[in-house]
Amino acid sequence: MFVRITSAIEGFRRAGVAHPAQPTVYPADHFSEEQHRQLQAEARLSLEYLEEDPNPNSAAPDSDPETTGTVGTAGISEPVTYPGKNQLQPLIDLINALDPNDPSLWNKDGTPKAANFPLGTSAEDRAAAWAMVQAQAEDA
């Protein structure tokens, strides 16, 4: 049995794994029963259980950080880098360190100002990191 997982947010972490936005296939025994419950309960993840591996020549992503190899993605069988950790974590940490009572750090809509981030941080990365912070706050 296999499980194909797709994340709504690139790098979203659940059950000890940073999930890519592209569909990724894992052997079902890659996760414990508790991790399966966490994955199934997460609205930001889409799970599909499969009887057979859709890419029999591919290997499941390794949990080891900075692993490069072929991941079992639906319809894709090519070398990719699977980081095994959230690449947005430094931005998430930066947001979490901001003083929530300092209005000079926040936009009127409650999002962190772009000036808080390192020069060159894309709007997409800022938005993704903010979405992760909000998701983590909802889970707390």
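Just so you know, all these numbers are worked out from the coordinates, no wet-lab data involved. What you see is a predicted model; the values in this text were computed from it and never measured. Positions of Cβ are backbone-derived with ideal geometry, glycine not excepted, and every protein chain shown enters the neighbour counts.
Length gained on full extension, Leu47 to Ser122: 24.1 nm, using 0.36 nm per residue less the C-alpha separation. Toward the positive end of the charge dipole of segment 89-139, with +1 on the Cβ of Lys and Arg and -1 on the Cβ of Asp and Glu, the farthest Cα among Ala137, Ile92, Asn107 is that of Asn107. Shown is the FRET efficiency for Gln35 and Gln136, computed with R0 = 25 Å from the Cβ-Cβ distance and rounded to the nearest 0.05: 0.90. Neighbour counts of C-beta atoms inside 10 Å place Lys113, Lys108 in the sequence Lys108, Lys113, starting with the fewest.
Normalised Debye scattering of segment 89-139 at q = 0.21, 0.28 Å⁻¹ gives log10 I(q)/I(0) of -0.72, -1.27, counting only Cα atoms as equal scatterers and leaving out solvent.
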